[in-house]
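Here's the structure we're looking at; comments come further down.
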């Protein structure tokens, strides 16, 4: 399975989240109607840093062979991030009021979670291996 598109798309998605959360934490907090004290802003910026770190991890591994046992920590970390995040978002959409933004995030997270699950738990094809991994 060629994972270049998966890694590139997930890197772009996580980078957008990371930049937005890192540089616009007070605006995002105000948008959702939460109180904007210093601790919440700090936690939002820390979350943005985590997203940017994941984005960089995925971007730097986009050319490599991922799947099965190849770069298993990268695929496992992404799988857990997207599956747990997607489950939390889906649970919130079901339990609370329907919010389009949260439902869209739940859908995106779930798609990435399934995609990384397929990469993680299936054996990669030998034809798609790059020359550096052979």
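Inter-label distance, residue 114 to residue 41: 4.1 nm, where each label sits 7 Å from its Cα along the C-beta direction.
Does the range 27-110 come out rounded, prolate or oblate, given a ≥ b ≥ c as the square roots of the eigenvalues of its C-alpha gyration tensor, rounded meaning a/c under 1.5 and, failing that, prolate meaning a/b above b/c?
Numbers: a/c = 2.95, a/b = 1.56, b/c = 1.89.
Note, shape of the range 27-110 comes out oblate.
Available extension along the chain between residue 31 and residue 5 is 6.2 nm, counting 0.36 nm per residue and deducting the alpha carbon span. Label zone of residue 19 (point 7 Å out along Cα→Cβ, amide N under 13 Å): in the range 78-119 this covers no residue at all. Judged by the mean number of other Cβ atoms found within 10 Å, the most tightly packed of the peptides 71-81, 29-39, 89-99 leads the ranking 71-81, 89-99, 29-39.
Any read-out appearing in this document is the output of simple, stated calculations on the displayed coordinates, not a laboratory observation. The structure displayed is predicted, hence computed values, not measured ones. Note: ideal-geometry Cβ built from the backbone for every residue, glycine included; neighbour counts use all protein chains shown.
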